[in-house]
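Just below is one structure, and these are the notes that go with it.
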Amino acid sequence: MAVVRGRTQVGIVGAGPAGLLLSHLLALSGIDSLVIENRTRAYCEARQRAGLLEAGTVELLRSVGLGERLDAEGMEHGGIYLQFAGERHHLDFRELTGGRWVTIYAQTEIVKDLFAARLAAGGAIEFSVSGVSMSGLTTDTPVLSYLSETGQRHEITCDVIAGCDGFHGISRPLIPDLSVWERAYPYAWLGILAEVPPSTDELIYSRHEEGFALHTMRTPHISRLYLQVPPDTPIESWPDDRIWAELQHRLALPGWTLKEGPILEKAVTPMRSFVAAPMRYGRLFLAGDAAHIVPPTGAKGLNLALSDVVVLATAFGELLNRGSPALADAYSGTCLARVWRATHFSWWMTSMLHVAPDQDTFESQLQLSQLRYVTSSRAAATTLAENYSGYHPVRYNPPPP
Ligand code: APR
Ligand code: PHB
């Protein structure tokens, strides 16, 4: 079969939230892009992931025309509960931070909204591609190559390429001399989606001697709950009854009831911190999970991915519409400042709330002391609230086309 050759300004690998929002923002600046994705649209829309948006992320999505369903269906929360040693404490973010809040709106819904917006605007997305590769990354005309669903080889000449292909993607390994910082945690999260109204108005983060548990939600009728489990736990070892019994145990509080319902989905997710730098090599730029991973305890992964692409879209606008490379040159450093803050916060929340398998009582006492401090000192509570609700919010001011 002959090779199909084409041209686009920005080649985007990966149709997760990062790649899709990038193509949406670029279109607002009159820049054309092609998104290639190795899965189907249905798969991308069904993949269960995070669900908590910082206030700044909500404001960003609204400001670029993606707020309609988010405003109708998103659940605004003004704080969280921290539970430990048989006590449950409320942290009021609005009061602590002068009005900041967070919104529960699932990543799956953002991905659906983005697909709908891109496809309605005639945006180019190729699903079910394979054999993706790149060449000429240190030239002004890098080439993105892939096999379409039918097996046809395509070679697309671009001005720049965005690697938005997640942690297991092909982009990051193409950057020579990459520095990597990594931390594996000796536990994983077992997450369930259950058909039962949430038993709480706001999220409950519970540190328990048996391990961490989190009660979050998706809608007024669907709850999401997580349990700390050993890494590599086979999901078969957790029948539904066992999951509910353990959630009841770790979330229990006198006078409060955890409602149970049918479990719709369950899966075990590993926990790691990972940062790679620089997030750029020549004309290849990494964004989102392709460059960094945080453990989910701080609810930062999705917010970081979307923040990266705001910075990247602005930098591409300057580079491609005005010929100015300054923002592109600053891209990696600009993102990494936010990434490291979120990496510290996520590591700190994780370390404070989980019980490691080899943990001694000294460490347990330190955790409890820290939790008492965070729930009794206004200064400590404000630190948590400020980081959780979004310390470095980004704004998108599209450069005129
Ligand atoms: N070619 C094309 N697409 C690829 C390739 C490849 N070689 N490898 C991976 N992909 C696709 C994946 O199928 C996925 O759809 O890239 C996309 C990456 O999307 P995400 O993993 O969702 O990453 P990102 O867009 O950065 O979003 C980060 O996802 O993991 C969560 O907590 C994280 O919420 C955060 C968000
Ligand atoms: C979720 O709703 O899935 C969620 C919320 C907060 C977290 C992690 C996950 O810290």
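Odds and ends about this structure:
- When region 63-91 is filtered for residues that are free of Cβ contacts under 8 Å to residues at least 60 places away in the same chain and open to solvent by less than 60 Å² (accessible area, probe 1.4 Å), the ones remaining, listed by number, are LEU66, GLY67, LEU70, GLY74.
- Residues in region 295-346 that are open to solvent by 40 Å² or more (accessible area, probe 1.4 Å) and within 15 Å of ligand 1 (Cβ to nearest atom): PRO296 alone.
- Set VAL4, VAL13: member being in contact (Cβ under 8 Å) with a residue 60 or more places away in the chain, out of contact with any Gly (no Cβ under 7 Å at 6 or more places or on another chain) and away from ligand 2 (no atom under 16 Å from the Cβ): VAL4
- Within region 2-15, being in contact with a Ser or Thr (Cβ under 9 Å, 6 or more places away or on another chain) and more than 10 Å from ligand 1 (Cβ to nearest atom) holds for VAL3, VAL4, ARG5, GLY6, ARG7, THR8, GLN9, VAL10, GLY11.
- One residue stands out among those in region 96-141 that are open to solvent by 30 Å² or more (accessible area, probe 1.4 Å) and among the hydroxyl-bearing types (Ser, Thr, Tyr): the one that is modelled with the lowest pLDDT, which is THR97.
- For region 269-279, the condition holds for no residue, the condition being that it is within 11 Å of ligand 1 (Cβ to nearest atom), open to solvent by less than 30 Å² (accessible area, probe 1.4 Å) and either under 19 Å from GLY14 (Cβ atoms) or outside any strand (DSSP E or B) (or both).
- Long-range neighbours under 9 Å by Cβ, at least six apart or interchain, first residue in contact (Cβ under 8 Å) with a residue 12 or more places away in the chain within region 114-128, second in a helix (DSSP H, G or I) and polar (S, T, N, Q): LEU114/SER23; ARG118/SER23; GLY123/SER23; ALA124/SER23; ILE125/SER23
- Strands (runs of 3 or more DSSP E) wholly inside region 110-174 that include at least 3 residues being closer than 21 Å to THR40 by Cα and within 16 Å of ligand 2 (Cβ to nearest atom): none
- Within this structure, GLY151 passes the test of being on the phi > 0 side of the Ramachandran plot and in contact (Cβ under 8 Å) with a residue 24 or more places away in the chain.
- With respect to the conditions (1) in contact with a strand residue (DSSP E or B) (Cβ under 9 Å, 6 or more places away or on another chain); (2) open to solvent by 40 Å² or more (accessible area, probe 1.4 Å); (3) away from ligand 2 (no atom under 16 Å from the Cβ), THR233 lacks only one, and its number is (2).
- Candidates in region 282-318 are the residues that are over 8 Å from the mean Cα position of the chain (by Cα) and within 27 Å of ARG207 (Cα to Cα); of these, the one that is farthest from ligand 2 (Cβ to nearest atom) is HIS292.
- Residue selected from region 16-62 under the condition within 15 Å of ligand 1 (Cβ to nearest atom) and free of Cβ contacts under 8 Å to residues at least 40 places away in the same chain, by the criterion most open to solvent (accessible area, probe 1.4 Å): TYR43
- Residues that are outside any strand (DSSP E or B) and either among the aliphatic types (A, V, I, L, M) or surrounded by fewer than 15 Cβ atoms within 10 Å (Cβ to Cβ) (or both) within region 250-260 comprise LEU251, ALA252, PRO254, GLY255, THR257, LEU258, LYS259, listed in sequence order.
- Hits in region 77-107 (condition: within 16 Å of ligand 1 (Cβ to nearest atom) and outside any loop (DSSP other than H, G, I, E, B)): VAL102, THR103, ILE104, GLN107
- Residue match in region 227-249 (condition: within 16 Å of ligand 1 (Cβ to nearest atom) and either over 25 Å from GLN359 (Cα atoms) or not in a strand (DSSP E or B) (or both)): no
The values are calculated or read from the model by the stated rules, or taken from the named source; none is laboratory data. Everything numeric in this text was worked out from a predicted model, so none of it was measured. Cβ atoms come from the backbone with ideal geometry, glycine included; neighbour counts cover every protein chain shown. Accessible surface areas use protein heavy atoms only, side chains included; no ligands, DNA or RNA. Shrake-Rupley method; radii C 1.70, N 1.55, O 1.52, S 1.80 Å.
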